[in-house]
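Just below is one structure, and these are the notes that go with it.
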Amino acid sequence: MIALIDCNNFYASCERVFNPKIENKPVIVLSNNDGCVIARSNEAKALGIKMGEPAFKLKNLIERYNINIFSTNFALYGDLSKRVMNVMSAEVDKMEIYSIDEAFLDFTDYASKERGIAIKKKVQQWTGIPVSVGIAPTKVLAKVAGYIAKKHTKAGVFMFNDEGLIRRALNVFKVEDLWGIGRKTAKKLKAVGIHTALQFRECDSNWIRRHLSINGVRLQKELYEEVCYPIEVTRKRKQNICTARSFGTEIKKLSKLKEAIGSHANTCATKLREEKSCCNSISIFLSTNPFKLQAKQYNPYKVIQLDVPTNDSMEIVKTAIKGLESIYRDDCIYKKAGVIVGRIVPQEQTQLSLFDSLDREKRKRINVAVDKINATMGKNKVKLAVQGNGRKWKLKQEKLSPCYTTRFTDILEVVI
DNA sequence: TCTGGGGTCCTAGGACCC
DNA sequence: TCTGGGGTCCTAGGACCC
């Protein structure tokens, strides 16, 4: 048996942990640049605020209901996530961290609703984060159980313990709410009369294989309690690493774009070194504002293949800038820029080139030193000149909460 | 005025090989 | 004049997830 533990309204809940004033009040968290709603407390959901809705469209609602708004504070959410995962992992032998707010726990040894309730209580008490628990024989069914736990139970814990119960639940479970069925597939299924999870389960497998993909067949099997997605304990090496941001204000000048691309490239390089990986390709992309219909649209993308795998900041930044220069056009106004490093390999398995002229040992020592300084003194204390000092392309974050757990100056003081 | 960021997996089709 | 069959690898694009 597998338990899916999912944090409720995770980012909104994180904001509440150190700010009890907003308990039981509507809370929303916005994406970068304070653009869209990416998390809502139950009270905010009840007001009809939708996921992904642009913040500017909510102005009236926000004022009328006194909604508490926050810019994303990933330092806080990342740290609280770690705490939640630590509490849960101590409870089981095997656990897979699926996302920042979800994990699959192995309940094979002993599965019961009581065990779910106990873990839920402990996480709540030790971290302040509310969770819901779905327990079932497969991941897909655990997702269904988790959904039911969150929406239809008081305890926030739900377990599938017999086929009769599974069948009854699937009969009223919408097919589009299944894990792995997105908008397009749901439309396709409804067109042939499949509206519920039960109808999907009983549908002809060959049809599913033809019209969905192999994952459609796996999904179907999992609904019949056959495990196709086992719990994966070891963290896989990332295959791609992407750093991209929209600009606070739009940019036209190449020099400013260089600062942005240079910074994103440097971030990618740092992430690569954290993963102990090297990349074989560097891609960069730009995009204009797709919402400005009258403006000229231009979304170039350039991939550069490398001869020698690298995670050296200077080399990656230099290559990215070269790519930028090759796609830049001065008659467009840009809204977003990004860098992707791909074809990633473990850093100890890199293949050298006969014609390589770089002193890689020396570069490695520089990077180690820079990483060390930035880890202890603060992000970007040491950076490359091309990253600039300009704040022009930086994010808009007007409602940022304190980093209660990761910055000394932000730690709460208790006055006795 | 203002519209996010970071991933994975799968498939089709092209290029190439014998 | 007639022009096969079987395979691999790579990439772009689609769909999905949180």
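Which aspartates and glutamates, if any, have their Cα less than 18 Å from the Cα of residue A:396, not counting same-chain residues under 8 positions apart?
A:34, A:53, A:250, A:259
Mean separation of Cα pairs under 8 Å and 6+ residues apart, divided by the residue count of region A:278-401: what relative contact order is that in percent?
Values: 141 pairs, mean separation 36.9, N = 124.
Reported as a whole number, the value is 30 percent.
Please give the peptides A:73-79, A:303-309, A:326-332 ranked by average Cβ packing (other Cβ atoms within 10 Å per residue), highest first, as a rough proxy for protection.
Working: A:73-79: 17.9, A:303-309: 14.6, A:326-332: 12.6.
Ranked from most to least packed, the peptides come out as A:73-79, A:303-309, A:326-332.
Over 20 Å between C-alpha atoms is what I'm after, so list which of A:122/A:150; A:82/A:139; A:292/A:335; A:21/A:154; A:258/A:372 land there. Let's see the in-between values first.
Values: A:122/A:150 18 Å; A:82/A:139 22 Å; A:292/A:335 10 Å; A:21/A:154 24 Å; A:258/A:372 25 Å.
As for pairs spanning more than 20 Å Cα to Cα, those are A:82/A:139; A:21/A:154; A:258/A:372.
Take the Cα coordinates of chain A, assign each an equal point scatterer, and use the Debye formula without solvent to give log10 I(q)/I(0) at q = 0.07, 0.11, 0.13 Å⁻¹.
Taking Cα atoms of chain A as identical point scatterers yields -0.43, -1.08, -1.36.
Return the ratio Rg/(2.2 N^0.38 Å) for region A:1-62, where Rg is computed over Cα atoms only.
1.21
Modelled label-to-label distance, residue A:174 and residue A:366, 7 Å Cα→beta-carbon offset: nm?
Label at residue A:174, label at residue A:366, 5.5 nm between them.
Grab the other residues whose beta carbon is less than 11 angstrom from that of residue A:236, score K and R as +1, D and E as -1, and report the net.
Working: positive: A:235, A:237, A:238; negative: A:96, A:232, A:275.
Result for the neighbourhood of residue A:236: 0.
Tell me the Kirkwood hydrodynamic radius of region A:230-321 in angstroms, computed as one over the mean inverse distance between distinct C-alpha pairs.
Working: mean 1/r = 0.0672 Å⁻¹.
For region A:230-321, inverting the mean 1/r across all distinct Cα pairs yields 14.9 Å.
First select every other residue whose beta carbon is under 14 angstrom from the beta carbon of residue A:106; then total the charges, Lys and Arg +1, Asp and Glu -1. Spell out each step's value before the answer.
On the way: positive: A:94, A:115, A:139; negative: A:91, A:93, A:96, A:109, A:232.
Counting the neighbours of residue A:106, the net charge comes to -2.
At a threshold of 8 angstrom on Cα-Cα distance, excluding pairs fewer than six apart, so keeping six or more, what relative contact order does chain A reach in percent? Let's see the in-between values first.
On the way: 700 pairs, mean separation 67.4, N = 416.
Answer for chain A is 16 percent.
Which one of A:269, A:136, A:375 has the biggest mean-square fluctuation once chain A is modelled by GNM with Cα springs under 10 Å?
A:375
Farthest toward the dipole's positive end in chain A, which of A:319, A:217, A:97, given Cβ charges of +1 (Lys, Arg) and -1 (Asp, Glu) about the Cα centre?
Looking along the dipole axis, the top candidate is A:319.
Of A:336/A:383; A:50/A:151; A:143/A:238; A:253/A:322, which sit over 19 Å apart, Cα to Cα?
On the way: A:336/A:383 21 Å; A:50/A:151 17 Å; A:143/A:238 24 Å; A:253/A:322 16 Å.
Pairs exceeding the cut-off: A:336/A:383; A:143/A:238.
Where does helix A:254-274 land angle-wise versus the long Cα axis of chain A, in degrees 0 to 90, nearest 10?
Taking Cα atoms only, the helix is inclined about 60 degrees.
Using a Cα-Cα cut-off of under 12 Å, which aspartates and glutamates could be cross-linked to residue A:296, ignoring same-chain neighbours fewer than 8 residues away?
Counting by Cα, and skipping residues close in sequence, residue A:296 has these aspartates and glutamates nearby: A:330, A:331.
Can you give the angle from 0 to 90° between the axis of helix A:214-223 and the longest principal axis of chain A, with both taken from C-alpha atoms, to the nearest 10?
The helix A:214-223 is inclined about 30 degrees to chain A.
Any aspartates and glutamates with Cα under 13 Å of the residue A:221 Cα? List them, leaving off those in the same chain fewer than 8 positions away.
Straight-distance partners of residue A:221: A:202, A:204.
Which whole-number percentage describes the relative contact order of region A:36-166, with Cα contacts under 8 Å and a sequence gap of 6 or more? Mind dumping the intermediate values first?
On the way: 127 pairs, mean separation 17.9, N = 131.
Rounded, it is 14 percent for region A:36-166.
Determine the calculated [θ] at 222 nm for chain A from helices alone, applying -39500 (n - 2.57) to every DSSP H run no shorter than 4 residues and normalising by the residue count; nearest 500 deg cm²/dmol.
Details: 14 runs with 159 residues, N = 416.
The helix-only estimate for chain A comes to -11500 deg cm²/dmol at 222 nm.
Any chance you could list P(r) for region A:110-237, counting all Cα-Cα pairs in 10 angstrom bins from zero, rounded to whole %?
12, 40, 31, 14, 2
Most fluctuating residue of A:213, A:401, A:277 in a GNM of chain A with Cα springs under 10 Å: which is it?
Most flexible of the set in this elastic network: A:213.
Assuming R0 = 35 Å, can you tell me the calculated FRET efficiency for the pair residue A:304 and residue A:235, based on Cβ-Cβ distance, to the nearest 0.05? Walk me through the intermediate numbers first.
Numbers: r = 28 Å, r/R0 = 0.80.
FRET efficiency, residue A:304 to residue A:235: 0.80.
When the Kirkwood radius is taken over all Cα pairs of region A:282-396, what Stokes-Einstein diffusion coefficient follows at 20 °C and 1.002 mPa s, in µm²/s?
Details: Rh = 16.7 Å.
Once the numbers are plugged in, D ends up at 129 µm²/s.
All of the numbers you see were taken from the coordinates with simple rules; none came from a lab. Predicted, not measured: the structure shown is a model, and the values here were computed from it. Heads up, the Cβs are rebuilt from the backbone with ideal geometry, glycines too, and the neighbour counts pull from every protein chain shown.
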